[in-house]
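Some notes on the structure that comes next.
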């Protein structure tokens, strides 16, 4: 299935190339494969997801996504439904925590990676929203050895052209690799605030 999802992501990357999208991966470093990794990033559009999956494909990234992303979005919905990710219904928090717990146990066992958008929704313009902690704390309980890697995404929201059918051409997009760190339940709130501040600075 990883080969299939890689093919879908490569197809989307080629589509972005046809649009003249210039994607820059800034300051990316080699990451360990002997521990699970949690990628945290801001979320501007559906175009955030395929580049992340393609860039980190050697770490088999899986997503914690809202249920709406699991329906009718080319490549993205396929990856969520069949690629080992998990879709949650935010209106049902207890069920969501159960799903994330089972998901985290599987990721921890295989030493794969998790991609999460801690704002909980897209922010195309204006300041980033505060991070939601419950999902991250659930991951920490099951993956205490995880390495947390913040990624700042800039300008993917411009590709959508305010929801128009014709997408914007020639957008310059940046994915910035920020300082990785370990988290604990005790320092999670402080570290998440620092990561959010670093993302805001990187996309300013």
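In segment 86-117, what residues are in a loop (DSSP other than H, G, I, E, B) and modelled with pLDDT of 95 or more?
111, 112
Would segment 181-194 turn up any residue that is under 30 Å from residue 15 (Cα atoms) and crowded, with 16+ Cβ neighbours inside 10 Å?
No.
Residue 56 passes all but one of (1) under 22 Å from residue 156 (Cβ atoms); (2) modelled with pLDDT under 95; (3) crowded, with 16+ Cβ neighbours inside 10 Å; (4) touching a helix residue (DSSP H, G or I) at 6+ places or on another chain (Cβ under 9 Å); which number fails?
Of the numbered conditions (1) under 22 Å from residue 156 (Cβ atoms); (2) modelled with pLDDT under 95; (3) crowded, with 16+ Cβ neighbours inside 10 Å; (4) touching a helix residue (DSSP H, G or I) at 6+ places or on another chain (Cβ under 9 Å), the odd one out for residue 56 is (4).
If I ask for residues that are in a loop (DSSP other than H, G, I, E, B) and within 30 Å of residue 17 (Cβ to Cβ), which ones from segment 180-204 would you list?
180, 204
Kindly indicate whether any position in segment 141-163 is without any contact (Cβ under 8 Å) to a residue 60 or more places away in the chain, under 15 Å from residue 38 (Cβ atoms) and in contact with a helix residue (DSSP H, G or I) (Cβ under 8 Å, 6 or more places away or on another chain).
yes
The values are calculated or read from the model by the stated rules, or taken from the named source; none is laboratory data. Given the structure is predicted, the values throughout are model-derived calculations rather than measurements. Every residue, glycine as well, gets a Cβ built from its backbone with ideal geometry; the counts of neighbours run over all protein chains shown.
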